[in-house]
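Colleague: Sharing a structure here in structure tokens format.
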């Protein structure tokens with residue numbers, strides 16, 4: 001695991017998000033209900049950025065483009081391209097259901113660190 005300091009903790013207040021680059025990867029950092037999450041900034045369905053996606057109270061991020069939904073803690077798929085009605089199944093078939101990559105985070109000495117395997 002390669003750890004990189006990406007932001008000061010005070011630069012990511014609760015409810016905020018930032019995109020950072022770590023090891024050549026675009027990573028979305030989110031501060032949600034007192035926790036800091038780091039996920040790949042691209043939806044595994046068709047690569048749309050997740051930066052503007054809705055985050056639910058229970059920690060699910062929804063892709064703003066095709067509405068696939070993923071658990072911030074595990075990356076597990078919660079819903080795969082359900083929208084728009086009647087077309088969602090076709091869009092879902094374009095790519096295989098794939099979990100969202102998540103990354104370890106830690107806060108140390110006032111900085112947020114992201115851990116990436118083999119950057």
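Colleague: Using Cβ counts within 10 Å as a stand-in for footprinting exposure, how do 8, 18 rank, fewest first?
Modeller: Details: 8 12, 18 15.
Lowest count first: 8, 18.
Colleague: Between residue 16 and residue 99, what is the spin-label point distance in nm, taking each point 7 Å from the Cα along the Cα→C-beta axis?
Modeller: Taking the simple label geometry, residue 16 and residue 99 are separated by 3.0 nm.
Colleague: So, one more: At 7 Å along the Cα-to-beta-carbon direction for both residue 77 and residue 49, put a label point, then send me their distance in nm to one decimal.
Modeller: Computed distance between label sites residue 77 and residue 49 equals 2.5 nm.
Colleague: Assuming 0.36 nm per residue, please report the length gained on full extension of the stretch residue 9 to residue 109 beyond their Cα-Cα distance.
Modeller: On the way: separation 100, 0.36 × 100 = 36.00 nm, distance 0.89 nm.
Answer, rounded to one decimal: 35.1 nm.
Colleague: Got the relative contact order for the chain handy, in percent, Cα pairs under 8 Å and 6 or more residues apart?
Modeller: Working: 252 pairs, mean separation 34.6, N = 119.
Once divided by the residue count of the chain, the mean separation gives 29 percent.
Colleague: Explain nothing, just the number: relative contact order of region 1-41, from Cα pairs under 8 Å at least 6 residues apart, as a whole percent.
Modeller: On the way: 54 pairs, mean separation 12.4, N = 41.
Dividing the mean separation by the residue count of region 1-41 yields 30 percent.
Colleague: Right, something else. Specify whether the C-alpha gyration tensor of region 1-62 places it in the rounded, prolate or oblate class, a ≥ b ≥ c being the square roots of the eigenvalues: rounded for a/c under 1.5, otherwise prolate if a/b is larger than b/c and oblate if not. Provide the component values of the computation, followed by the final result.
Modeller: Numbers: a/c = 1.95, a/b = 1.03, b/c = 1.89.
Since a/c reaches 1.5 but b/c is at least a/b, the shape of region 1-62 is classed as oblate.
Read-outs throughout are calculated quantities, based only on the coordinates presented, and are distinct from any laboratory measurement. Since we're looking at a predicted model, the values are computed, not measured. Positions of Cβ are backbone-derived with ideal geometry, glycine not excepted, and every protein chain shown enters the neighbour counts.
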